[in-house]
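Some notes on the structure that comes next.
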Amino acid sequence: MTTQANKINPGTDPVSLKLVTRFLLNNALYVVLAILVVSLTILSDNFLTTANLTNILRQVSFQAIIAVGMTMIIILAQIDLSVGSVVAFAAVVNALMIKAGIPIPVALLLTVAISSLWGVISGWVTAYFNLHAFLVTLAMMTLIRGVTYTITGGYPVSGLPMEFLQLGSGYFAGIPLPIIYMAVIYIVGIFVMKKTPFGRAIYAIGGNSEAARLSGLNVSQVKIAVFAITAALSGFVGIILSSRLMAGSPELGISWELDVIAAVIIGGTSMFGGSGRLVGTLVGVLFVGVLTNGMILLDVNPYMQQVAKGLLILGAVILNSLKRES
Amino acid sequence: MNSPLLKASGINKQFSGVSVLENAFLQVEPGEIHALVGANGAGKSTLIKVITAAHQADSGQIMLEGEALNCRNPKQASEAGISAVYQEFSLISDLSVAENIFLGHSPKTSRNLIDWKEMQAKAQAILDTLESPIKPKAIVRYLSVAERQIVEIAKALSYESKVLIMDEPTSSLSEEDVQKLFKVMRSLSAKGMGIIYVSHRLEELPQIAHKISVYRDGRYITTLDIDDAPKSVIIEQMVGNSISVQAHQKRDVGPTFFEAKNLSSPGKFSNISFEVHEGEILGITGLAGAGRTELVRALFGADPLPAGELFLDGKSIKIKSPRQAKANGIGFISEDRKEEGLVLDHSIGDNINLTVLERIKRGLIIPQETENKLSNSMITDLHIKCNNRQQLAKNLSGGNQQKVVIAKWMATKPRLLIMDEPTRGIDVGAKSQIYGLLKTLSQEGVGIIMISSEIPEVLEQSDRVIVMAQGQITFCGDNENLSQDQILDYATSSTSFNAA
């Protein structure tokens, strides 16, 4: 008699093996990051120094802040390609306001508010015409960049007062301000996603938007709010970036949307929506930051650096798919 | 010795170390319609998936006409002569009927391009044998559920199947369409095809099946001739002990609290008026396409309601979204719990709390304890069978998923609960638990609108019955002295009850 036998080898315990696989899959990002950190510490004397680590954190902080909004959007099963353009838009608008004599705090708040309107538009069009945000924000990306170039005629806005430098280059308790901003925004973001009805609505809508709508959630409102938050965060990043550069350049943030999306995906958020964590995103951002930093320290050919980043993203995506299936 | 058409024996299958099939057995003769019954979790679906090679068995043997089969995937099984029509359709909505029928094995011209003429002709020929008026060029999106079913069968026939497996084919069909389907099945079996028929609708079996195999908890229990297997015997075998079916008893209901007046939506329903009493179960039945689901969706604000008025406690209310419906104390349990009821990848707890996020928050946050308490009490009260509240909704059986959907609406403490096909596709045990829940809720004063295609269910459970046909109410009244025949009569009537 023939049998369709696929019997499990009696020597191994399938349950505990499964648990180990599962643990490794769930924590692979942390494990690999730890290995990377240890190897870099051994390979380079300059890696594990306060100065270098601070440097990495400050470098990643800008995109990390935008990634908070992007994580929410991807959990919502949407995408936002316009974040880089909003960065430039805000940098320019804020610089022009300050030059026009508007006090820096007022200019900052106004710029963030105006930037968030771009998100309101993207969210509204997405929700009310029932379009995928990929299409809407693809258009918005070009549109906002165009508006930004038009405002400045293509030139950077420079000649900003020295006080403005503090915003992006200052320190608090010895820590660069961008790192402080990042930390605060992550803490608030994690709280919102975990504890508030708004955060829970984001997960539910991303998981099944029709079920969420039929449960009485205001799906359109949540979508618009999430796009507005992301645009506001992008605007804020544009301001601190222009403060560090002491100029509002319309060229800022080009192709940032891809870096930010990559960090979110590396951090384990599913493009299908409904699942993902901000802590994961932060680790994703750090991963890219550490890898880039390490490759610079080890003097890796810049072209090869791109190859390595590409492999990292590919690996993370495959890992997430394995995780989903296990 | 003649070998049977299909024989599956000694089949074992485990998922993550949990045994779902143990020493399973099934034997089908040519021309036999063989019913496969069992409660949810009995292993029917897994057995079918093993036979169609959608899953690989851990061990065991499948023989087709005396030869051992070793298919690696459903396509190979189809080519060998075993096809399946699943409860969830596998048709591609935007393709034509003919393209769907020949998906993956379309006729080719000598230049290896698709031979459209041949494909249309062959599709037409298959549809003709099914005596179906469906056009091969029709786009599947515009077909009714019953028509899609026929296309699924045609797809199976296109492989010249010897064995056709039908998983719950009648669960979403009206009585009339069920009869049409049975006619098709009988003619196929007359041609020597073996049909494995999975159904929860035990009443249907004597009409159609020759033999019945019963499964329970992943084990083969018995095979009976249909004549030896009245419903009570089958149920006894399925659940291990017998469940008595209660006749409806007339109950006292409270005053009217909800009224709908002259609701109309062009092409869907027209001139619908009715009221709901506190503590009443109002059954709405009718044939598929009668406009029942469309009516309640509009009432709940899930779809627009172009014309008509709604009154709550005598006061006119406007419902433009599910959100407003919820605010007015109305809950809606959709007929499609997977697509519209649950966030499948989220936990039971998250699903239950979804409707009350705003209500249970304190300040800005949702207190964890409130949330846990609510979901735990629902799990206990509704007997949701699960490990704990963190278990994902997708890992529950159909009946338990339905209970989660009911729980999330009970959490809102609704005054009016609309349930669209609340027991569709779930096993007998879970069904009776859900009926019990309906009774309890109504005794607490909740008004319930229950849509059902199963007429016996409507008769047993409802206090009053509305029958709809072609978007109109053709009957509305007490279910006392109402028979199944009368309901069918109203369901096929074209005289509006209001006009009469």
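The values are calculated or read from the model by the stated rules, or taken from the named source; none is laboratory data. What you are looking at is a predicted structure, and each value in this text was computed from that prediction instead of being measured. A quick note on method: Cβ atoms are made from the backbone with ideal geometry, for glycine too, and the neighbour counts reach across all protein chains shown. Side chains included, ligands, DNA and RNA excluded: accessible areas come from the protein's heavy atoms. Shrake-Rupley method; radii C 1.70, N 1.55, O 1.52, S 1.80 Å.
A few remarks follow.
- Residues located in the range B:50-68, provided they are under 18 Å from B:Ser161 (Cβ atoms) and surrounded by 21 or more Cβ atoms within 10 Å (Cβ to Cβ): B:Val50, B:Ile51, B:Thr52, B:Ala53, B:Ile62, B:Leu64
- Qualifying positions in the range A:199-227 - open to solvent by 20 Å² or more (accessible area, probe 1.4 Å) and either under 19 Å from the mean Cα position of the chain (by Cα) or farther than 14 Å from B:Leu354 by Cα (or both): A:Tyr203, A:Ser220, A:Gln221, A:Lys223, A:Ile224, A:Ala225
- Close pairs (9 angstrom Cβ cut-off, 6 or more residues apart or separate chains): modelled with pLDDT of 75 or more in the range A:1-28, loosely packed, with under 11 Cβ neighbours inside 10 Å anywhere: A:Lys18/B:Ser16; A:Lys18/B:Gly17
- The single condition among (1) within 9 Å of another protein chain (Cβ to nearest Cβ); (2) under 25 Å from B:Gly429 (Cβ atoms); (3) in contact with an Asp or Glu (Cβ under 9 Å, 6 or more places away or on another chain) that B:Glu335 does not meet is (1).
- Filtered residues of the range B:54-72 (kept if part of a loop (DSSP other than H, G, I, E, B) and either of a type in the set (A, V, I, L, M, F, W, C) or at the interface with chain A (Cβ under 9 Å from one of its Cβ atoms) (or both)): B:Ala54, B:Gln56, B:Ala57, B:Asp58, B:Leu69, B:Asn70, B:Cys71
- Conditions (1) over 30 Å from B:Gly425 (Cβ atoms); (2) more than 14 Å from chain A (Cβ to nearest Cβ): number failed by B:Ile92: (1)
- Single residue of A:Leu282, A:Leu278 found to be under 11 Å from the mean Cα position of the chain (by Cα), surrounded by fewer than 23 Cβ atoms within 10 Å (Cβ to Cβ) and away from chain B (no Cβ under 14 Å): A:Leu282
- Residue identified as open to solvent by less than 70 Å² (accessible area, probe 1.4 Å), assigned to a helix (DSSP H, G or I) and under 13 Å from B:Ile51 (Cα atoms) among B:Ala98, B:Ala77: B:Ala77
- Where strands (runs of 3 or more DSSP E) fall entirely within the range B:252-335, those with at least 3 residues that are in the same structural domain as B:Tyr435 (by TED's automatic domain parsing) and β-branched (Val, Ile, Thr) are at B:281-286.
- Whichever residue in the range A:147-162 is outside any loop (DSSP other than H, G, I, E, B) and open to solvent by less than 30 Å² (accessible area, probe 1.4 Å) and, among such residues, is nearest to A:Ser85 (Cα to Cα): A:Thr148
- Any chance A:Arg58 is open to solvent by 40 Å² or more (accessible area, probe 1.4 Å) and in contact with a strand residue (DSSP E or B) (Cβ under 6 Å, 6 or more places away or on another chain): yes
- B:Gly10 among the small types (Gly, Ala, Ser), open to solvent by 10 Å² or more (accessible area, probe 1.4 Å) and within 14 Å of another protein chain (Cβ to nearest Cβ): yes
- All positions within the range A:29-83 that are of a type in the set (Gly, Ala, Ser) and in a loop (DSSP other than H, G, I, E, B): A:Ser44, A:Ala77, A:Ser82
Residues checked against (1) on the phi > 0 side of the Ramachandran plot; (2) away from chain A (no Cβ under 11 Å):
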site: B:Gly291; (1), (2): yes, yes
site: B:Leu312; (1), (2): no, yes
site: B:Lys318; (1), (2): no, yes
site: B:Glu340; (1), (2): no, no
site: B:Arg359; (1), (2): no, no
site: B:Gly363; (1), (2): yes, no
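- Among all residues of the range A:294-307, there is none that is open to solvent by less than 40 Å² (accessible area, probe 1.4 Å), part of a helix (DSSP H, G or I), among the hydrophobic types (A, V, I, L, M, F, W, C) and under 20 Å from A:Met70 (Cα atoms).
- Filter pass, B:Lys385 being part of a loop (DSSP other than H, G, I, E, B) and more than 9 Å from chain A (Cβ to nearest Cβ): yes
- For B:Ser453: the one exception among (1) closer than 23 Å to B:Gly267 by Cβ; (2) surrounded by fewer than 20 Cβ atoms within 10 Å (Cβ to Cβ); (3) touching a helix residue (DSSP H, G or I) at 6+ places or on another chain (Cβ under 8 Å): (2)
- First in the range B:64-87 and touching a residue at least 60 places away in the same chain (Cβ under 8 Å), second anywhere and open to solvent by 60 Å² or more (accessible area, probe 1.4 Å), Cβ under 6 Å, 6 or more apart: B:Gly81/B:Lys162
- Within the set B:Asp303, B:Asp313, the sole residue that is in contact with a Lys or Arg (Cβ under 7 Å, 6 or more places away or on another chain) and acidic (Asp, Glu) turns out to be B:Asp303.
- Matching residues, the range B:336-381, being surrounded by fewer than 21 Cβ atoms within 10 Å (Cβ to Cβ), outside any helix (DSSP H, G or I) and under 25 Å from the mean Cα position of the chain (by Cα): B:Asp336, B:Leu344, B:Asp345, B:Ser347
- Qualifying residue in the range A:230-245 (condition: open to solvent by 30 Å² or more (accessible area, probe 1.4 Å) and more than 19 Å from the chain's Cα centre (by Cα)): yes
- If you go through the range B:369-392 and keep only what is without any contact (Cβ under 8 Å) to a residue 40 or more places away in the chain and among the charged types (D, E, K, R), you end up with B:Glu369, B:Glu371, B:Lys373, B:Asp381, B:Lys385.
- Selected residue (criterion: most open to solvent (accessible area, probe 1.4 Å)) from residues of the range B:420-430 that are in contact (Cβ under 8 Å) with a residue 60 or more places away in the chain and closer than 20 Å to B:Lys385 by Cβ: B:Arg424
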